[in-house]
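The values are calculated or read from the model by the stated rules, or taken from the named source; none is laboratory data. Remember, predicted model here, so these are calculated numbers, not experimental data. FYI the Cβ positions are ideal-geometry reconstructions off the backbone, even for glycines, and counts take in every protein chain you see.
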Amino acid sequence: MSTIAAKWTTARSALTACEWRHVGGMLGTILTLHVLGWGIFIVAILPQHYKLLGLGVAVTAYTLGMRHAFDADHISAIDNTTRKLMAEGKRPLSTGFFFSLGHSTIVFCLGIGMTIAAKALIGQVSNTSSVLQSFGGLFGTLVSGFFLYMIAILNLVILIGIVKVFLEMRRGRYSDHELEHQLNQRGLMFRFFGKMMKSIHSPWQMYPVGVL
């Protein structure tokens, strides 16, 4: 018990009272969004669509979303920004929170848009011989494949750069600047929005990055 108490005391002293309030606010927001989301699903959606959209489908979608949260691209964007802000002498406790909030916003909006589009085009989409069905299937596959290959190639280039730095370190020619440069190139988002992300000076500015 004394060990647990000591660890708890250490954890409490690591943050100021104001920072603990911020952490509490973030946890409260996350809990509220969960209650609203699952509440709307159970009360308004499940009773009418239980045959097609049961609780099992919802839990599966939820767990897949949780897994998506740990995608390398997300982690690298949050990590790069956190290290940048810490290097500036700041304590960016909410970097990941605002990024995930922005990402959740765009996913929510896209979900609504897809629902409206599906209702408008349900006849053509359900018809396997329609032009829209054929074109949509081919186009979707090509776009998905293109982005997956592009991400793989970019990550391979980054990996090669980091391996080169590591080999130089093994030879005794360590370059902190070069290693930092290679780490900052991680992730598809940082490749395309690097300049914008370098201009971030506060965690809340990660919200629009998450939307992107």
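The table that follows gives values for the structure above.
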item	result
Residue identified as more than 29 Å from Ala14 (Cβ to Cβ), free of Cβ contacts under 8 Å to residues at least 12 places away in the same chain and hydrophobic (A, V, I, L, M, F, W, C) among Ala61, Ala87	Ala61
Residue list for segment 165-192, restricted to those being part of a helix (DSSP H, G or I), modelled with pLDDT under 75 and surrounded by fewer than 16 Cβ atoms within 10 Å (Cβ to Cβ)	Phe166, Glu168, Met169, Asp176, His177, Glu180, His181, Phe192
Some residue of segment 21-37 being without any contact (Cβ under 8 Å) to a residue 40 or more places away in the chain and more than 30 Å from Phe108 (Cα to Cα)	no
Subset of segment 145-163 [over 15 Å from Ser76 (Cβ atoms) and in contact (Cβ under 8 Å) with a residue 12 or more places away in the chain]	Met150
